[in-house]
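Student: Can you read through this structure? Questions will come right after.
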Amino acid sequence: MPLKIVRNDITKVKADAIVNSANSNPICGGGAEYHIYQAAGHTELLAARENIGPLGVAEVAVTPAFALDAKYIIHTVGPKWNDGKSGESLALESCYRNALEKAKELGCESIAFPLISSGVFKFPKDSALKIALKAIGTFLQTNEMDVQLVVFDRKSFEVSEDLYSDIHAYIDDNYVQDKYDDVHDYVRQRWDENGNINWNTHRLEKACYAIREMSDAEVPEPECLHAEASATLDDILAKPGETFCNKLFHLIHEKNLDDVDVYKKANLDRKHFSKIRSNVDYKPTKKTALALAIALHLNLDETADLIARAGFALSPSNTGDLIVKFFIEREKYDIWEINSMLFKFGQPSLGA
């Protein structure tokens with residue numbers, strides 16, 4: 001679980017380290033910090049924080065986690081939003097980077113962050129999210145750690161309004177119900193002279209229509225399919241296609257990539273990828289298959305081919321699939337940006 005965006009109260013999250021977006025002075029502030037103090041034990045935590053003394057912006061310090069389900073609380077002071085031109089972005093990025101490096105120094109395998117500075121410090125949530133994802137993603141390119149970005153609810157989790165609107169419009173334009181209204185009229189015309197549906201023709205033509213809707217690939221007309229159907233089952237089974245794993249590693253070799261680069265860009269951990277590498281018949285989940293397609297920068301046809309080898313398809317009636325398709329069509333392969341939008345729409349994240 002390298003990076004996962006979760007909806008939760010950060011005091012309820014289990015991790016080796018919990019990050020507190022702290023006040024610069026050794027006092028208990030408001031917002032998430034107040035809840036961390038209450039859950040950890042106000043008196044004990046405040047005493048430990050007083051022993052540290054004041055902290056500068058982006059500086060980090062460590063206390064025990066006391067009653068929290070963690071080993072440590074890493075305190076970091078986020079920047080207050082001014083005008084966006086006063087070094088706030090670099091300071092916020094340093095908060096994440098310094099906290100991650102401190103967690104690594106402590107031997108932590110997992111860490112949970114709030115969206116630093118996005119509360120009482122008034123940092124715009126859209127910008128705060130982009131900075132968090134960039135800083136965490138950069139760290140994970142060269143390090144192994146499970147990271148959770150914890151938000152209290154989806155309503156407070158803001159993303160680019162322009163991008164959000166574009167995806168909303170894309171989903172509205174591509175949702176299956178609108179596209180398939182004319183199929184029912186088409187099928188109703190497929191009756192024989194006795195008033196019964198010609199089931200062979202009906203099934204064949206409906207299948208062709210559905211495949212065309214889900215892919216830009218060329219699909220044979222019904223007559224061609226009838227000809228191909230003359231092949232025996234033994235003939236078909238004698239020439240199976242590549243498995244998901246064979247195709248995956250063929251693509252990795254073809255694109256001259258290495259395993260580490262791929263699994264990190266797919267938001268997977270080393271153990272998970274090792275299972276895939278060691279088992280030619282490995283059956284991934286759909287979110288894993290799609291994450292690997294994103295990591296390989298596959299186009300829509302290539303994505304459809306890869307995930308089909310694991311028994312999946314991009315459905316025109318699934319919001320999550322439409323969001324993934326939106327990004328692939330625009331050749332935008334940042335998995336953390338994709339996952340942030342999937343989270344906003346209440347869909348499962350890719351990879352971890």
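Student: Take Ala91 and decide whether it is surrounded by 18 or more Cβ atoms within 10 Å (Cβ to Cβ) and either in contact with a strand residue (DSSP E or B) (Cβ under 7 Å, 6 or more places away or on another chain) or of a type outside the set (S, T, N, Q) (or both).
Tutor: yes
Student: What number of residues within the range 274-292 are within 15 Å of Val262 (Cβ to Cβ) and in contact (Cβ under 8 Å) with a residue 60 or more places away in the chain?
Tutor: Residues that pass the stated criteria total 3.
Student: Same structure, new question: Among the numbered criteria (1) in contact with a Ser or Thr (Cβ under 9 Å, 6 or more places away or on another chain); (2) modelled with pLDDT of 90 or more; (3) buried (at least 17 other Cβ atoms within 10 Å of the Cβ); (4) of a type outside the set (Val, Ile, Thr), which one does Lys130 miss?
Tutor: Lys130 satisfies every listed condition except (2).
The rows are residues; the columns are (1) outside any loop (DSSP other than H, G, I, E, B); (2) in contact with a Ser or Thr (Cβ under 7 Å, 6 or more places away or on another chain); (3) exposed (fewer than 13 other Cβ atoms within 10 Å of the Cβ); (4) not hydrophobic (A, V, I, L, M, F, W, C).
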position: Cys245; (1), (2), (3), (4): yes, no, no, no
position: Ile252; (1), (2), (3), (4): yes, no, no, no
position: Tyr263; (1), (2), (3), (4): yes, no, no, yes
position: Phe273; (1), (2), (3), (4): yes, no, no, no
position: Asp281; (1), (2), (3), (4): no, yes, yes, yes
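Student: If you scan the range 74-105, which residues turn out to be of a type in the set (A, V, I, L, M, F, W, C) and in a loop (DSSP other than H, G, I, E, B)?
Tutor: Residue satisfying the conditions is Trp81 alone.
Student: Something else now. Being part of a helix (DSSP H, G or I) and surrounded by 15 or more Cβ atoms within 10 Å (Cβ to Cβ) is the filter here; which residues of the range 293-318 pass it?
Tutor: Within the range 293-318, Ala293, Ile294, Ala295, Leu300, Glu302, Thr303, Ala304, Asp305, Leu306, Ile307, Ala308 qualify.
Student: A follow-up question, please. Scan the range 322-332 and tell me whether some residue there is in a helix (DSSP H, G or I), touching a residue at least 60 places away in the same chain (Cβ under 8 Å) and among the charged types (D, E, K, R).
Tutor: yes
Student: If you don't mind, there's one more thing I want to ask. Residue under question is Gln141, and the condition is that it be surrounded by fewer than 19 Cβ atoms within 10 Å (Cβ to Cβ) and either touching a Ser or Thr at 6+ places or on another chain (Cβ under 9 Å) or farther than 22 Å from Ser24 by Cα (or both); does it hold?
Tutor: Answer is yes for this residue.
Student: Is there any pair with a first residue in the range 10-21 that is closer than 17 Å to Val62 by Cα and a second that is surrounded by 24 or more Cβ atoms within 10 Å (Cβ to Cβ) and of a type in the set (Ser, Thr, Tyr) whose Cβ atoms are under 9 Å apart and which are 6 or more apart or on different chains, and what are they?
Tutor: Partner pairs satisfying both residue conditions: Val19/Thr76; Val19/Tyr96; Asn20/Thr76; Ser21/Thr76; Ser21/Ser117; Ser21/Ser118.
Student: Inside the range 329-340, can you point out the residues that are closer than 18 Å to Ala169 by Cα, modelled with pLDDT of 90 or more and surrounded by 21 or more Cβ atoms within 10 Å (Cβ to Cβ)?
Tutor: The answer is Ile338, and nothing else.
Student: A follow-up question, please. Scan the range 63-76 and give yes if some residue there is surrounded by fewer than 18 Cβ atoms within 10 Å (Cβ to Cβ), touching a residue at least 12 places away in the same chain (Cβ under 8 Å), in contact with an Asp or Glu (Cβ under 9 Å, 6 or more places away or on another chain) and within 30 Å of Val262 (Cβ to Cβ), otherwise no.
Tutor: no
The values are calculated or read from the model by the stated rules, or taken from the named source; none is laboratory data. This one's a predicted model, so the numbers in the text were calculated from it and none came from an experiment. Positions of Cβ are generated from backbone atoms using ideal geometry, with glycine treated the same way; all protein chains shown enter the neighbour counts.
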